[in-house]
């Protein structure tokens, strides 16, 4: 079996890296940060935002609700406020299914 490198996760991500992960502009990241109180980036002495992996997970949930499901920001806020645990659970299921799909595609390519 070939050697497979493990992904190295960083402690902090810049706003540019986060925007690149989601394929959006940095202005949208700043806007979502302002609109959703669950995103709280650290700031360095220069004032640059440094996002943690928890912030990235929250961005994934917001991105899923707003961009993939087509919810409004108001609707996404309401859903996170009322059913945060259910929303996170559903997102985790979707994320694990996507990982399984990716793994199966890798196996298929290897055959």
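List of remarks:
- When region 25-50 is filtered for residues that are part of a helix (DSSP H, G or I) and surrounded by 12 or more Cβ atoms within 10 Å (Cβ to Cβ), the ones remaining, listed by number, are 26, 28, 29, 30, 31, 32, 33, 35.
- Test result for residue 89, loosely packed, with under 12 Cβ neighbours inside 10 Å, out of contact with any strand residue (DSSP E or B) (no Cβ under 8 Å at 6 or more places or on another chain) and either at pLDDT below 90 or in a helix (DSSP H, G or I) (or both): yes
- Sole residue being without any contact (Cβ under 8 Å) to a residue 40 or more places away in the chain and not in a loop (DSSP other than H, G, I, E, B), chosen from 80, 97: 97
The values are calculated or read from the model by the stated rules, or taken from the named source; none is laboratory data. If you're wondering where the values come from, they're calculated on a predicted model, not measured in any experiment. With ideal geometry, Cβ positions are generated from the backbone for all residues, glycine too; neighbour counts draw on all protein chains shown.
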